[in-house]
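Trainee: Please find one structure pasted underneath; my questions will follow.
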Amino acid sequence: MSNPFPLEKDGLLDAYRRMKTIREFEERLHVDFGRGDIPGFVHLYAGEEAAGVGIMMHLQDHDRIASTHRGHGHCIAKGVDVKAMMAEIYGKATGSCAGKGGSMHIADLSKGMMGANGILGAGAPLVCGAALAAQKLGHDGVGITFFGDGASNQGTVLESMNLAAIWNLPAIFVVENNGYAESTSVDYAVASDSYVDRATGFGMPGITVDGTDFFAVYEAAGEVIKRAREGAGPTLLECKMIRFFGHFEGDAQTYRAPGENEDNRKNRDCLKIFRAKVTEAGVLTDAELDAIDAEVLALIDEAVKEAKAAPLPGPAELTTDVYVAY
Amino acid sequence: MARTLSMKDAINEAIDQEMARDKTVIMMGEDIVGGAGAAGEDDAWGGVLGVSKGLYHKHPKQMIDTPLSESAYVGAAIGAATCGLRPIAELMFIDFMGVCLDQIYNQAAKFRYMFGGKAETPVVIRAMCGAGFRAAAQHSQMLTPIFTHIPGLKVVCPSNAYDTKGLLIQAIRDNDPVIFLEHKNLYASECDVPEEPYAIPFGEANIAREGSDVTIVAYGLMVPNSLAAAETLKKEGIDCEVIDLRTLSPIDMDTVIESVEETGRLVCVDEANPRCSIATDVSATVARDAFKALKAPIEMVTAPHTPVPFSPSLEDLYIPSPDRIAEAVRKTMGA
Ligand SMILES: Cc1ncc(C[n+]2csc(CCOP(=O)(O)OP(=O)(O)O)c2C)c(N)n1
Ligand SMILES: [Mg+2]
């Protein structure tokens, strides 16, 4: 049977594995956080996997991304080590940031992952810098900043869009529009009905895609990333998506319509949509996907087990990684 | 009549009573009501930790949810303050001040002086501060020294529910811009709080515990930590006086100096980073104005000169603990 998809079988399996890894990672955190195992707070990316993975499938390590408070999915999609991430969220010495950063600050610069971020909109200027560096150093890397519908109203984001446009930077502004900023609807908080119009106002093209459809994201991202690599400048890419859980763990979500979460899980689950497409086309089988499911589950189990067993950072670590301590 | 109230509820009550008294009092911030434009419940959040829950139904015209645009809405609160309103802008976590600082320190703080005394800016900027919540480097800072450094701003950081209510009412009635910092690890702490409205004047420290051997100066979460240290030291025969500064600008140095003149020993406790902090400021002033009264070198107990670490094992070491405070007191006693 012919393959109607823009990826070969290997690529499809890779995409599925990344999405499934994010899903299991987040579902597991949801349970373990509820049990009180995890310090602080976590914002889960479950439901939004197709967007992060659809974009990251096009990227290499020299392509830089700046993430958000909802960063686990971006990290996994960009290739950050899952076990080190889990250990970081548990605050352990073996974590990606030696336990000093936590969920909201996971970074791996060697993978081109410039950090999750506790400050909304903070990634946009940083990514202009990444794109500027690529331009000046003469490599074909791109810089991609992710931000939510809520953070799209930060001055830093708007200033960065203008800057990227006038400098013709290889920068991409990804709006992850899940309809809510905490409990506030995008309909209340964003004046324009269309992010494409906003992009036009800043002198760059804008594209809106269904972020629950991996293939829609993959294709649109491919085009805008190619454009950036070829020196044609920045683009805004809006992914309309679904947040399965609350804003953070512990959010009662009374702002949602009755039945909204159940309906989303049932009808707008990007993993189910992906599975249906590839199996119906006869390119992948349920058995192949189920095998990945089992491997991912085992990986997450192991990651949690190792994270729990790992040592906490020792007292001396308090004053390391600073150029001077008082 | 007094009853027990948490600091969180004391904040809610102060705003409620002031909004009822004066319709020019408005509050704006992110999700302070919650659910705006969404299909579900109104007043869905009442702030990220539920501090303003219920105020929307009592004062619907005075409670305004904002987009995630701190520079715009904090600035709008400041502008409105110069035009007849008395706005409270909630900046969820003080760590977010970076995105709106210009409106605070170049605008609000300077109007009165720069315009030759002609402007009044009755705005309150409320925010959570402090470590201990496992909230990591960008949601845990104690940035009191930054604001205290800026002329024109008043800076408040209460340690208990009673003071919080009185100081917040004072802040709302005050005609200068006030940075009102609420330690998130104190939100649940309870004490007796009168039901009726009352204002506590700024620039008056509270002697939280009387003692004759050593003066401990603190604010915010460091007050309960200092009181705990004082309890331990009592068993060792050391009698500590604990002074709660309550407001850092203006600061009540008279009470501190008077106390040091009695005790001859000073320990300054500050959750902020050690350089150019409230601790160094109080120490320097005492060294200048009460040098002759000192029987021992001044001690300072502060956070280290690092960002706030995430891991519980490190964050617990970051925050000045009762043990570290007690150790510093013993040092001033020559132990
Ligand atoms: C400058 C700043 N303001 C406010 C916050 C608090 N905050 C964290 S996440 C969030 C909502 C973000 O909404 P959105 O950008 O739509 O992203 P989503 O959570 O939906 O992924 C808010 C208000 C913050 N972290 N930084
Ligand atoms: Mg959102």
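Trainee: What does the structure give for A:175-188 when I average, per residue, the other chain Cβ atoms found within 10 Å of the residue Cβ?
Mentor: Mean partner shielding for this stretch: 5.
Trainee: In nm², what is the average projected area of the convex hull enclosing the Cα atoms of region B:2-194?
Mentor: In nm², the orientation-averaged hull projection of region B:2-194 is 10.6.
Trainee: Something else now. Please find the FRET efficiency linking B:Lys61 to A:Glu260, where r is the Cβ-Cβ separation and R0 is fixed at 22 Å, and quote it to the nearest 0.05.
Mentor: Step by step, r from the Cβ atoms, then E = 0.15.
Trainee: Calculate for chain A the 222 nm mean residue ellipticity that helices alone would give, adding -39,500 (n - 2.57) per DSSP H run of length 4 or more and normalising by residue count, nearest 500 deg cm²/dmol. Please list the in-between numbers first.
Mentor: Numbers: 12 runs with 145 residues, N = 326.
Counting only the DSSP helices, I get -14000 deg cm²/dmol.
Trainee: With a ≥ b ≥ c the root eigenvalues of the C-alpha gyration tensor of region A:9-319, is it rounded (a/c under 1.5), prolate (a/b larger than b/c) or oblate?
Mentor: Here region A:9-319 falls in the rounded category.
Trainee: State the answer as a single residue: which of B:Val156, B:Gln107, B:Thr121 lies farthest towards the positive end of the charge dipole of chain B, with beta carbon charges of +1 for Lys and Arg and -1 for Asp and Glu, about the Cα centre.
Mentor: B:Gln107
Trainee: From the residues A:Ala93, A:Tyr195, A:Ala276, which one has its Cα farthest along the dipole of region A:9-319 in the positive direction, the dipole being from +1 and -1 charges on Cβ of Lys/Arg and Asp/Glu about the Cα centre?
Mentor: Positive-end residue among those listed: A:Ala93.
Trainee: Starting from the Cα coordinates of region A:223-312, work out the convex hull volume and express it per residue in Å³.
Mentor: Normalising the Cα hull of region A:223-312 by residue number yields 221 Å³.
Trainee: Largest first and in whole Å, give the semi-axes of the protein assembly as shown's equivalent ellipsoid, each being the square root of 5 times a Cα gyration tensor eigenvalue.
Mentor: Values: eigenvalues 439, 159, 106 Å².
They are 47, 28, 23 Å, listed largest first.
Trainee: Let's see if you can work this out: charge +1 on each Lys and Arg Cβ, -1 on each Asp and Glu Cβ, no other charges. What is the dipole magnitude of the protein assembly as shown about its Cα centre, in debye to the nearest 20?
Mentor: Using Cβ point charges on Lys, Arg, Asp and Glu, the protein assembly as shown gives about 1000 debye.
Trainee: When you count, for each residue, the other Cβ atoms within 10 Å and take the mean per peptide, how do A:3-16, B:245-258 rank with the highest first?
Mentor: Ranked by mean Cβ neighbours within 10 Å, highest first: B:245-258, A:3-16.
Trainee: While we're here: So for region A:46-93, what are the equivalent ellipsoid semi-axes in whole Å, largest first, each being the square root of 5 times an eigenvalue of the Cα gyration tensor?
Mentor: 20, 13, 9
Trainee: Also, quick follow-up: Of A:Pro205, A:Leu289, A:Pro258, which is farthest towards the positive pole of region A:178-294's charge dipole, taken about the Cα centre with +1 and -1 on the beta-carbons of Lys, Arg and Asp, Glu respectively?
Mentor: A:Pro205
Trainee: So, counting K/R as plus one and D/E as minus one, what does the shell of residues with Cβ under 9 Å around B:Ala136 add up to?
Mentor: +1
Trainee: Treating cross-link reach as a plain straight distance, find the lysines whose alpha-carbon is under 26 Å from the alpha-carbon of B:Lys58, omitting any fewer than eight places away in the same chain.
Mentor: Reachable lysines: B:Lys8, B:Lys23, B:Lys165, B:Lys184.
Trainee: Taking 0.36 nm per intervening residue step and subtracting the Cα-Cα distance, what contour gain separates B:Glu120 from B:Asp102 on full extension?
Mentor: Between B:Glu120 and B:Asp102, full extension yields 4.7 nm more.
Trainee: Also, quick follow-up: Taking Cα pairs under 8 Å and at least six residues apart, what relative contact order does region A:9-319 come out at, in percent?
Mentor: 23 percent
Trainee: Further, regarding this structure: Round to the nearest 10 and give me the degree value, 0 to 90, for the angle of helix B:70-81's Cα axis relative to the longest principal axis of chain B.
Mentor: 80 degrees
Trainee: Okay, moving on. Report, in cubic angstrom per residue, the convex hull volume of the C-alpha atoms of chain B. List each step's numbers first, then the result.
Mentor: Working: hull volume 45.5 nm³, N = 335.
Measuring per residue, one finds 136 Å³ for the Cα hull of chain B.
Trainee: Using the basic label-point model (7 angstrom from Cα toward the beta carbon), what is the A:Glu27 to A:Ser110 distance in nanometres?
Mentor: Distance between the two pseudo-spin positions: 3.1 nm.
Trainee: Relative contact order for chain B using alpha-carbon pairs under 8 Å, separation at least 6, rounded to a whole percent?
Mentor: 16 percent
Trainee: With both partners inside chain B, how many of the DSSP beta bridges are antiparallel, as a percent to the nearest 5?
Mentor: 25 percent
Trainee: Based on the Cβ-Cβ distance from A:Asp301 to A:Asp14, what FRET efficiency comes out when R0 is 25 Å, to the nearest 0.05? Intermediate results must be reported in sequence, preceding the final value.
Mentor: Numbers: r = 21 Å, r/R0 = 0.85.
After rounding to 0.05, the efficiency reads 0.75.
Trainee: Moving to a separate point now. Once you sort the root eigenvalues of the Cα gyration tensor of region A:86-177 as a ≥ b ≥ c, which label holds: rounded (a/c under 1.5), prolate (a/b larger than b/c) or oblate (the other case)?
Mentor: It is oblate, given that a/c is not under 1.5 and a/b is not larger than b/c.
Trainee: Let me ask something additional. Please average, across the residues of B:240-250, the number of beta carbons from any other chain that are within 10 Å of each residue's own beta carbon, and give a whole number.
Mentor: Details: counts 0, 0, 0, 0, 0, 0, 0, 0, 0, 0, 0.
What the average comes to for B:240-250 is 0.
Trainee: Excluding residues on the same chain fewer than 8 positions from B:Lys118, give the lysines whose Cα lies under 21 Å from its Cα.
Mentor: Counting by Cα, and skipping residues close in sequence, B:Lys118 has these lysines nearby: B:Lys110, B:Lys154.
Trainee: Check cross-link reach from B:Lys234 to the lysines: straight Cα distance under 25 Å, and skip same-chain residues fewer than eight apart.
Mentor: B:Lys295, B:Lys331
Trainee: Now a separate question. Treating the beta-carbon of each Lys and Arg as +1 and of each Asp and Glu as -1, no other charges, what is the dipole magnitude of region B:1-103 about its Cα centre, to the nearest 20 debye? Provide the component values of the computation, followed by the final result.
Mentor: On the way: 8 positive and 15 negative charges, 85 e Å.
Taking the Cα centre of region B:1-103 as origin, the dipole is about 420 debye.
Trainee: Ok, one more. For region B:81-175, compute Rh as the Kirkwood radius over C-alpha pairs and then the Stokes-Einstein diffusion coefficient at 10 °C and 1.306 mPa s; write the answer in µm²/s, rounded to an integer.
Mentor: 111 µm²/s
Trainee: Would you mind giving the mean number of other chain beta-carbons within 10 Å of the Cβ of each residue in A:256-268, as a whole number?
Mentor: Numbers: counts 6, 3, 2, 0, 3, 0, 0, 0, 0, 0, 0, 0, 0.
The mean count of partner-chain Cβ atoms within 10 Å per residue comes to 1.
Trainee: I would also like to ask the following. In a Debye calculation with equal point scatterers on the alpha-carbon sites of region B:206-332 and no solvent, what is log10 I(q)/I(0) at q = 0.11, 0.13, 0.15, 0.22 Å⁻¹?
Mentor: At q = 0.11, 0.13, 0.15, 0.22 Å⁻¹ the computed log10 ratios are -0.33, -0.46, -0.61, -1.30.
Trainee: Could you check the simple spin-label distance between B:Thr4 and B:Tyr113, using points 7 Å along Cα→Cβ, in nm with one decimal?
Mentor: 4.5 nm
Trainee: B:Lys23 label point, 7 Å along Cα→Cβ, cut-off 19 Å on backbone N: hits in region B:48-79?
Mentor: Backbone N within reach: B:55-64.
Trainee: Show me the ranking of peptides A:54-61, B:304-311, B:187-194 by mean Cβ neighbours inside 10 Å, starting with the highest.
Mentor: Final packing ranking: B:304-311, A:54-61, B:187-194.
Trainee: Take peptides A:161-172, A:270-281 and line them up by average Cβ neighbours within 10 Å, highest first, as a rough protection proxy.
Mentor: Highest to lowest by the protection proxy: A:161-172, A:270-281.
Trainee: Along Cα→Cβ, 7 Å out, is where each label goes; now give me the distance between the ones at A:Arg229 and B:Cys276 in nm to one decimal.
Mentor: 4.6 nm
Trainee: Please give the helix B:222-235 orientation as an angle from the longest Cα principal axis of chain B, in degrees from 0 to 90, rounded to the nearest 10.
Mentor: 30 degrees
No lab work stands behind these numbers, since they all come straight from the coordinates. Owing to the predicted nature of the structure, the values given are computational and were not obtained by experimental measurement. Note that we place each Cβ from the backbone using ideal geometry, even for glycine, and neighbour counts take in every protein chain shown.
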